[in-house]
Amino acid sequence: MSRELQKTNQVLLVVFLVTGYLVIFMQARLTAFRDFTGAQLDLLPGMIVFAAMVFQLGTVILCAAVFGLLFDSFSANALGTTFVSLAIIGFFASRYRDLLLSEHFTTHWVLGLIASALAPLISYTLLRLQDVKPMVAWGSAWHWAIMIAGGGAVTPLWFKIFNRLDEALRYKELPESTFRQDRQIARGRH
């Protein structure tokens, strides 16, 4: 993906939204990792970081709304809590996209770590502002560390998968040939 913002590939956006739906469903349905570690991975902040680097701000907020509302419908969160946290992350990542080296693995990893660390903090703050008292104890630090590590590890994978998919789906212009159509070829012996 080039550094400048390209026109949104509509097929990539649809595949991205469907992938987000599947990720949310799998996070809610598959509990083997949660049963083993006691913590659930949150893969959505990494997807929002990818969206912020590739799509326009309106599309990023749309993705945050769809993912956040779907995630909240599967969780015990108040409806809209995850949307606000993903929208804040997407807004700031999109706002400062030009300052970030979005082509590098390390940048993807660090952005995934930061987004995965901030998303639960923003959600917690929103819940506290609504006078909801989430169950937070010392064991929550372990859950938070698992969420940060998992989100950071998966974010470069999102970039790799969706960038490859974008290249496969995007129309590629052929370079102009040096052969002119109006040129005559002299045949025969001279």
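Taken together, the values in this text are just the output of simple stated rules run on the coordinates, not laboratory data. Computed from a predicted structure; not experimentally measured. Counting neighbours? That spans all protein chains shown, and the Cβs are built from the backbone with ideal geometry, glycine included.
Data for the structure
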| quantity | calculated |
| --- | --- |
| Theoretical gain in end-to-end length, Arg128 to Leu57 [0.36 nm per residue, Cα-Cα removed] | 22.8 nm |
| Dipole of the chain, positive end: most advanced residue of Val11, Tyr124, Leu70 [Cβ charges, Cα centre] | Val11 |
| Exposure proxy ranking, count of Cβ atoms within 10 Å, fewest first, for Ile88, Ile24 | Ile88, Ile24 |
| Region 107-121 - phi-based ³J(HN,Hα) in whole Hz, Karplus 6.51/-1.76/1.60, Gly and Pro as x | 5, 4, 5, 5, 4, x, 4, 5, 5, 5, 7, 6, 4, x, 5 |
| Along each principal axis, Cα extent of region 10-169, largest first, Å | 44, 31, 29 |
| Relative packing of 129-140, 58-69, which averages over residues the other C-beta atoms within 10 Å, highest first | 58-69, 129-140 |
| Simple spin-label estimate for Ser140 and Ala28 in nanometres, 7 Å along Cα-Cβ | 2.3 nm |
| Gain on full stretching of the segment that runs from Phe92 to Leu118 - 0.36 nm per residue minus C-alpha separation | 8.2 nm |
| Per-residue HN-Hα couplings for region 25-40 [Karplus 6.51, -1.76, 1.60; θ = phi - 60°; Hz; x = Gly/Pro] | 4, 5, 4, 7, 8, 8, 10, 4, 5, 5, 5, 6, 9, x, 9, 9 |
| At R0 = 45 Å, FRET efficiency that the Cβ-Cβ distance of Arg187 and Val15 yields, to 0.05 | 0.30 |
